[in-house]
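Peer 1: Just dropping this structure here.
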Amino acid sequence: MAIKVKLRKKAISGNRQSLYLDFYPAIPHPETSKPTRREFIGLYLFDKAKSPLDKQHNKDTLQIAEQIRQKRENHFNKPEIYTGYEKEQLKIKERGEHNFVAYFKSLVDKRKASNHDNWVSAYKYLNIFTGGNNDNNTIGNLKFADLNEKFCNDFKDYLLNIKSNKRSKTTLAQNSAVSYFNKLKATLKQAYKDGHLNTDLNAKIACIETQETIKQTLTIEELNKLAKAECNYPLLKNYVLFSALTGMAHKEMQNLNWGQVEVSESFGIRIKMIRQKTDKPYNINISEQAYSLMGERKEPADKVFEGINNRDRFIFFPLWLAEVGIKKHMTFHDLRHTYGCLQIDLGTDIYTLQGNMGHATPRQSMMYGKISDQRKRAAADKIQLDF
């Protein structure tokens, strides 16, 4: 059925008439997809024009409005009369009207198995920044056409100064801001690939600098102390020592199944992994000692550390440290940092460490070299003068 497009007027303030298009039957609204009969085109006429200038304004405006009306009618009923360039321009305009925040949320929903929580947090900050409300699931409004470098840099400043959702009295940690802003950049990159953006806006936007922080780690003496100590939760003891000996994070260990573990005379013992943060596959080699902590081999689909939960790492792990006499405020993830530091102390090169820890770049692995007390002490003694 052909869609009729009429040019109509509506009285507004200042003795003016606003021009709009009237569609019959109704068309889907470009933002809400709900049926609509009206589209205001941002043009107006002077009501009761008397001066020559006002009369000329009305004449010119009506000509422009009629051209818009004709194009809209052709768009619905005679698309073949458009040139290829005009069709592409129409597509670009239509895509520009779509909601970027809704597009961002669609990418969040696709990442349920890969760094989902981090994407959700990034979305919540972006949604608030664009006028949305996370409490009642109202999505913020930001058209693709309105995306530019200024918006991205304003959002960057917002992340660097906003109060944390978790701790209302402190600003968001810089490294969290780094992560969330990177999610925006990743979405811009994907939007460019999908044709929603005409330019690669992501390439024009600088990242937030990562803040290098000192990590809490255990010494080899403290690890040996744990290895010799009794533990009321034998599975927890194996879990802790395995993390320190392999550098594997809690989530990766919790999901580890026997099908990922390979044993061969050529490469020894290795585990096929997909890094949680990057969603990229990699292999890590583990020692015979670490392998012994995994217990008896089971079916490929069986979990290696079946039964481990959040109580073990948040409650029982700190309690066990205290019982052993290690007075450090440690998180379970600090065992991964312990692995990185000890490997550097024992002479492992950065690139090997990068491969075994699944880091995306050597720069992440270099962090452990910077916080190695043993290496800094050895470096301090290298320059000797003849007193």
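The values are calculated or read from the model by the stated rules, or taken from the named source; none is laboratory data. Every value quoted in this text rests on a predicted model; they were computed, and no experiment measured them. Because the Cβ atoms are built from the backbone with ideal geometry, glycine has one as well, and the counts that use them run over all protein chains shown.
Peer 1: Do we find that residue 118 is within 15 Å of residue 185 (Cα to Cα), in a helix (DSSP H, G or I), at pLDDT below 90 and in contact with a Phe, Trp or Tyr (Cβ under 9 Å, 6 or more places away or on another chain) in this structure? Don't jump to the end; show me each part of the working.
Peer 2: Details: within 15 Å of residue 185 (Cα to Cα): yes; in a helix (DSSP H, G or I): yes; at pLDDT below 90: yes; in contact with a Phe, Trp or Tyr (Cβ under 9 Å, 6 or more places away or on another chain): yes.
When the stated conditions are applied, residue 118 passes them.
Peer 1: Please go through (1) closer than 17 Å to residue 101 by Cβ; (2) at pLDDT 90 or above for residue 145 and return the number of the only condition it doesn't satisfy.
Peer 2: For residue 145, the failing item is (2).
Peer 1: Within segment 27-67, track down each residue that is within 18 Å of residue 3 (Cα to Cα) and either in contact (Cβ under 8 Å) with a residue 60 or more places away in the chain or loosely packed, with under 11 Cβ neighbours inside 10 Å (or both).
Peer 2: Once the filter is applied, which keeps residues that are within 18 Å of residue 3 (Cα to Cα) and either in contact (Cβ under 8 Å) with a residue 60 or more places away in the chain or loosely packed, with under 11 Cβ neighbours inside 10 Å (or both), segment 27-67 yields 28, 30, 33, 34, 67.
Peer 1: Moving on to the next point. Which residue is nearest to residue 142 (Cα to Cα), if the candidates are limited to segment 23-59 and must be part of a strand (DSSP E or B) and over 42 Å from the mean Cα position of the chain (by Cα)?
Peer 2: So the first thing to find is which residues in segment 23-59 are part of a strand (DSSP E or B), and the list is 23-28, 35-46.
Subset that is over 42 Å from the mean Cα position of the chain (by Cα): 24, 44-46.
On the way: 24: 29, 44: 26, 45: 30, 46: 32 Å.
The qualifying residue nearest to residue 142 (Cα to Cα) is 44.
Peer 1: Sticking with this one: So the check is Cβ under 7 Å with 6+ separation or different chains; which pairs have a first residue in segment 344-361 that's over 19 Å from residue 249 (Cβ atoms) and a second one that's at pLDDT below 85 and in a loop (DSSP other than H, G, I, E, B)?
Peer 2: As it stands, the answer is 345/372, since those pairs meet every condition given.
Peer 1: Continuing with the same structure: What's the total number of residues in segment 68-82 that are surrounded by 14 or more Cβ atoms within 10 Å (Cβ to Cβ) and at pLDDT below 70?
Peer 2: The number of residues fulfilling the criteria is 1.
Peer 1: I've got another one for you. Taking the conditions exactly as written (modelled with pLDDT under 85 and either surrounded by 11 or more Cβ atoms within 10 Å (Cβ to Cβ) or farther than 14 Å from residue 180 by Cβ (or both)), does residue 124 satisfy them or not?
Peer 2: Working: modelled with pLDDT under 85: no; either surrounded by 11 or more Cβ atoms within 10 Å (Cβ to Cβ) or farther than 14 Å from residue 180 by Cβ (or both): yes.
It is false that residue 124 is modelled with pLDDT under 85 and either surrounded by 11 or more Cβ atoms within 10 Å (Cβ to Cβ) or farther than 14 Å from residue 180 by Cβ (or both).
Peer 1: Residue by residue through segment 232-247, note down the ones that are at pLDDT below 90 and part of a loop (DSSP other than H, G, I, E, B).
Peer 2: Once the filter is applied, which keeps residues that are at pLDDT below 90 and part of a loop (DSSP other than H, G, I, E, B), segment 232-247 yields 232, 233.
Peer 1: A follow-up question, please. I'm checking my understanding of the structure. Among residues of segment 279-322 that are over 22 Å from residue 236 (Cβ atoms), in contact (Cβ under 8 Å) with a residue 40 or more places away in the chain and exposed (fewer than 14 other Cβ atoms within 10 Å of the Cβ), which one is farthest from the chain's Cα centre (by Cα)?
Peer 2: 299
Peer 1: Okay, next question. Just give me the residues in segment 121-161 being closer than 17 Å to residue 185 by Cβ and either assigned to a loop (DSSP other than H, G, I, E, B) or not assigned by TED's automatic domain parsing to the domain that holds residue 180 (or both), in sequence order.
Peer 2: Result: 130, 142, 147, 148.
Peer 1: Here's something else I'd like to know. Of all residues in segment 43-62, how many are modelled with pLDDT of 90 or more and of a type in the set (A, V, I, L, M)?
Peer 2: Going through segment 43-62 one residue at a time, the tally reaches 3.
Peer 1: Still on this structure: Consider segment 162-182. How many of its residues are assigned to a helix (DSSP H, G or I) and either touching a helix residue (DSSP H, G or I) at 6+ places or on another chain (Cβ under 6 Å) or over 17 Å from residue 100 (Cα atoms) (or both)? Full working, then the answer.
Peer 2: Applying the first criterion (assigned to a helix (DSSP H, G or I)) to segment 162-182 yields 174-182.
With either touching a helix residue (DSSP H, G or I) at 6+ places or on another chain (Cβ under 6 Å) or over 17 Å from residue 100 (Cα atoms) (or both) added as a condition, the list becomes 174-181.
Qualifying residue count, segment 162-182: 8.
Peer 1: If I ask for residues that are part of a loop (DSSP other than H, G, I, E, B) and over 15 Å from residue 235 (Cα atoms), which ones from segment 323-332 would you list?
Peer 2: First, the residues of segment 323-332 that are part of a loop (DSSP other than H, G, I, E, B): 325-332.
Residues satisfying the conditions are 325, 326, 327, 328, 329, 330, 331.
Peer 1: Determine which member of the set 268, 259 is touching a strand residue (DSSP E or B) at 6+ places or on another chain (Cβ under 9 Å) and at positive phi.
Peer 2: On the way: 259 fails: at positive phi.
The conditions single out 268.
Peer 1: Would you check which residues across segment 260-315 are in contact with a Phe, Trp or Tyr (Cβ under 6 Å, 6 or more places away or on another chain), modelled with pLDDT under 90 and in a strand (DSSP E or B) and list them?
Peer 2: Residue satisfying the conditions is 273 alone.
Peer 1: Going through segment 186-224 one residue at a time, which ones are assigned to a helix (DSSP H, G or I) and exposed (fewer than 15 other Cβ atoms within 10 Å of the Cβ)?
Peer 2: Going through segment 186-224, the residues assigned to a helix (DSSP H, G or I) turn out to be 186-193, 201-204, 220-224.
Across segment 186-224, the qualifying residues are 193, 203, 204, 220, 221, 224.
Peer 1: Oh, and also: Do we have residue 227 as free of Cβ contacts under 8 Å to residues at least 24 places away in the same chain, assigned by TED's automatic domain parsing to the domain that holds residue 356 and either assigned to a helix (DSSP H, G or I) or touching a Cys at 6+ places or on another chain (Cβ under 7 Å) (or both) here? Talk me through it step by step, then tell me what you get.
Peer 2: Details: free of Cβ contacts under 8 Å to residues at least 24 places away in the same chain: yes; assigned by TED's automatic domain parsing to the domain that holds residue 356: yes; either assigned to a helix (DSSP H, G or I) or touching a Cys at 6+ places or on another chain (Cβ under 7 Å) (or both): yes.
Considered against the rule, which asks whether it is free of Cβ contacts under 8 Å to residues at least 24 places away in the same chain, assigned by TED's automatic domain parsing to the domain that holds residue 356 and either assigned to a helix (DSSP H, G or I) or touching a Cys at 6+ places or on another chain (Cβ under 7 Å) (or both), residue 227 comes out as yes.
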